[in-house]
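The values are calculated or read from the model by the stated rules, or taken from the named source; none is laboratory data. Remember, predicted model here, so these are calculated numbers, not experimental data. With ideal geometry, Cβ positions are generated from the backbone for all residues, glycine too; neighbour counts draw on all protein chains shown. Quick note on the areas: whole protein, heavy atoms, side chains included, nothing else; ligands and nucleic acids left out. Shrake-Rupley method; radii C 1.70, N 1.55, O 1.52, S 1.80 Å.
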Amino acid sequence: MSPLRRTGFAFIASLMMGGTALAAAQHLEVLSTNGCGCCIAWTKHIEENGYTAEIEHLPMADLMQEKIKAGLRPGQTSCHTAMIEGYVIEGHVPAREIDRLLAERPDAIGLAVPGMPYGSPGMGEPGPDADPYDVLLVRRDGSTEVFASYPDGRD
């Protein structure tokens, strides 16, 4: 098992047990498939906003298993999954919402932007053609609530 995957399991275990964060602040570990351009673009967005990121490429079946192990349900997933300080960040979540999550520290699995809405970070330019989207807070029981809304796709 790779060190990144072991760290991911440790994050999930910490999250499930309510423990303290195991990683240095501001570092995301990203799981994606090889060659996904929007995952690379999202990682660039994260890095431009003060985070560091380490990407591990997995076959799609393994990536989906990691999403399930993290507690994500169908309809909550996207193309990449990241972990930071005991939280899961699923999909094209804007950096400012990760900042807010880490500042507020809600009792939750993490944040998700399901699908791949155009105009979200890593998915093209925000503007008049952008898709509106919500950033969801994923609770430990799998339920969600809107954490932030982007009616014009702007981050």
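Observations on the structure shown:
- Filtered residue count, the stretch 123-155, keeping only those that are modelled with pLDDT of 85 or more and acidic (Asp, Glu): 5
- The sole residue among GLU47, GLU85, GLU90, GLU66 that is touching a residue at least 24 places away in the same chain (Cβ under 8 Å), in contact with a strand residue (DSSP E or B) (Cβ under 7 Å, 6 or more places away or on another chain) and farther than 23 Å from SER149 by Cβ is GLU66.
- Evaluating LEU102 against the criteria (1) over 23 Å from ASN49 (Cα atoms); (2) more than 12 Å from the chain's Cα centre (by Cα); (3) modelled with pLDDT of 95 or more leaves one unmet condition, (1).
- Top-ranked residue in the stretch 58-94 [being in a loop (DSSP other than H, G, I, E, B) and aliphatic (A, V, I, L, M); ranked as surrounded by the fewest Cβ atoms within 10 Å (Cβ to Cβ)]: LEU58
- The single condition among (1) out of contact with any helix residue (DSSP H, G or I) (no Cβ under 7 Å at 6 or more places or on another chain); (2) buried (at least 17 other Cβ atoms within 10 Å of the Cβ) that GLU48 does not meet is (2).
- Within the stretch 34-57, the set of residues being assigned to a loop (DSSP other than H, G, I, E, B), more than 14 Å from the chain's Cα centre (by Cα) and closer than 15 Å to PRO121 by Cα comprises CYS36, ASN49, GLY50.
- Count - residues of the stretch 119-146 that are closer than 21 Å to CYS39 by Cβ and either touching a helix residue (DSSP H, G or I) at 6+ places or on another chain (Cβ under 7 Å) or in contact (Cβ under 8 Å) with a residue 12 or more places away in the chain (or both): 13
- Test: residue in the stretch 123-133 that is farther than 17 Å from ALA41 by Cα and in contact with a Lys or Arg (Cβ under 7 Å, 6 or more places away or on another chain): no
- In this structure, GLY119 does not satisfy being open to solvent by 10 Å² or more (accessible area, probe 1.4 Å), part of a loop (DSSP other than H, G, I, E, B), small (Gly, Ala, Ser) and out of contact with any Leu (no Cβ under 7 Å at 6 or more places or on another chain).
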